[in-house]
Structure formats: structure tokens, C-alpha cells
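J.: Submitted below is the structure of interest, expressed as C-alpha cells.
Nothing in this text is a laboratory measurement; each read-out follows from the coordinates by a stated rule. Because the structure is predicted, anything quoted here is derived from the model rather than measured.
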Amino acid sequence: MKRRRPVVAIDGPAGAGKTTVTRQVAENLGYLLVDTGALYRSVALVAEQRGVDWDDAERVADVARDLAHRAAIAFEPGPEGGQRVLLEGRDATSAIRRQEIGQGASKVSAHAGVRAALLDMQRAAGAEGGVVLEGRDIGTVVFPDAEAKFFLTASVEVRALRRRDELVARGAKADLDTVRSEVVERDRRDSERAVAPLLQAADAMLVDSSALSIGEVVEHIVLRVRQVERELAGQ
């Protein structure tokens, strides 16, 4: 299917700045934002609430299928251009951003049944183009035909510092060594999982944000997407 506007896929490891960059890219382009990471975090949160172990593949998949069937995860504009995540009608934006839920999301996303349950939701959201999606496998599995693919990364040290500062800003206690260890462990788990591992698509543009500001990364991506738009328009 030829789209008039591209699907923009932004993949990369935890702490690379994908969430902030993706939001600002979507705002600059006037595109719909689909936070796929929030979907997996929502599954992890509900599993926790229901007493389901994140390593229990079948029961976690049941949670994901239930949420997908009831369309229980929704997004809406938040304050200051942000995005609110509604889980069964309640604001879960802060709850899903807890550090332990991020680790849980990495675990539940390794289960084939969970990924299958959420795959159609992601594809339906971006089918017409004019959408920005971020995650671990958008350009390789969810939208392998995406017209604009990026792999956003940064050094482990930079990502750990960013994550520590993010947690502190939210009022949480965060030890840098602990956060660094969690970043390394999540990288290992995301990269080695059997289903849809973290991987740079062959046709994705690598963007290393270690020495770049958020604004510089956003500008770099937006310029490339505008070029793709012109190509789709036959200019």
C-alpha cells in the first residue's frame, strides 16, 4: 500500500531518549504519536495488579489479550504537549513509568503471546501513515515497510545518567550504579529474547544521541522525514 505520508519508526534501547524524541518529532510533523512501550508497560502493570508473574508467559498473554479485546489501553493529549495513558479509563501515565514496571515491560514483551496480542493494535494505529511509533521492533517486525526508520541509541553511561535524572525529577530515589546495572541487564534481555529482539533494521538510520541535545536529535529526524515526504509526493 502506497501511503501519502510515511510511517516513522523509532527503535532503540532503554534510556536513549526515544519517548521524548518521539513526542517532539510527532509534534513537529503534526503526526499521530503511538507509544508502543506504554502498551507493554500497561500489560506489566495490570499483570502486577492481578498477581500474575511477569515470567508466566501464558497468564501474561491472557492479560494482554484481555486488554486488547476490551480496547482497555488508550492515549489522549496530556498537559504541555505530552500524552496521557488511560488504562481501563483511569490515568496510568505515572504508574506505568515506575522503574520496576519498565523492567516488567521488558520481561512481558519477550512473550510471543503478548506481542501477538498487541501487534494488531499497533499496525491498525499506523496503517494510513502520518504516524510516529517508538519501541524495540517497530522497523523490523511491526512496520518492516515503514518509509522512515531510525535507530536511536546512546552509550550505557549516558543512558544510565538520563534515567537516574528522570527518576530523581519524579521524586524517586535512584542510585547511579543500580540504574546502570538495570540498563545493562535490560539491554541483554531485550537483545537476546527469542521473539522480536532489539535490533537495528538494515535500512534504519543510526542516530547516536550521546553528544547531542534532544533538539538536535529531533531536528535531524524531522529533516529526514520531510525528505521522505517529498519522495512520496514524487517531488
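J.: Just report the Cα centroid separation between region 190-207 and region 50-65, whole Å.
T.: Here the answer is 24 Å between Cα centres.
J.: Also, I was wondering about something else. Along each principal axis of its Cα atoms, how long is region 83-222 end to end? Whole angstroms, biggest number first, please.
T.: Projected onto the principal axes, the Cα atoms of region 83-222 cover 41, 37, 30 Å.
J.: Sort largest first and round to whole Å: the equivalent ellipsoid semi-axes of the chain, each the square root of five times a Cα gyration tensor eigenvalue. Can you show the working numbers first?
T.: On the way: eigenvalues 137, 93, 57 Å².
Equivalent ellipsoid semi-axes, largest first: 26, 22, 17 Å.
J.: Next question. Work out the count of Lys pairs in the chain where the Cα-Cα distance is under 26 Å, with the pair 8 or more places apart or on different chains. Intermediate results must be reported in sequence, preceding the final value.
T.: Numbers: Lys2/Lys149; Lys18/Lys107; Lys18/Lys149; Lys18/Lys173; Lys107/Lys149; Lys107/Lys173.
Eligible lysine pairs with Cα atoms under 26 Å apart amount to 6.
J.: Treating the Cα atoms of region 1-83 as identical point scatterers in vacuum, please give the log10 of the normalised Debye intensity I(q)/I(0) at q = 0.10 Å⁻¹, two decimals.
T.: Log10 of I(q)/I(0), two decimals: -0.34.
J.: Over 5 Å intervals from 0, what percent of Cα-Cα pairs in region 27-140 sits in each interval?
T.: For region 27-140, the binned pair fractions read 2, 12, 24, 25, 21, 11, 4, 1, 0 percent.
J.: How high is the relative contact order of the chain, in percent, with contacts defined as C-alpha pairs under 8 Å that are six or more residues apart? Walk me through the numbers before you get to the answer.
T.: On the way: 370 pairs, mean separation 79.6, N = 235.
Relative contact order for the chain comes out at 34 percent.
J.: Alpha carbon centre of region 119-140 versus region 84-112: separation in Å?
T.: 18 Å
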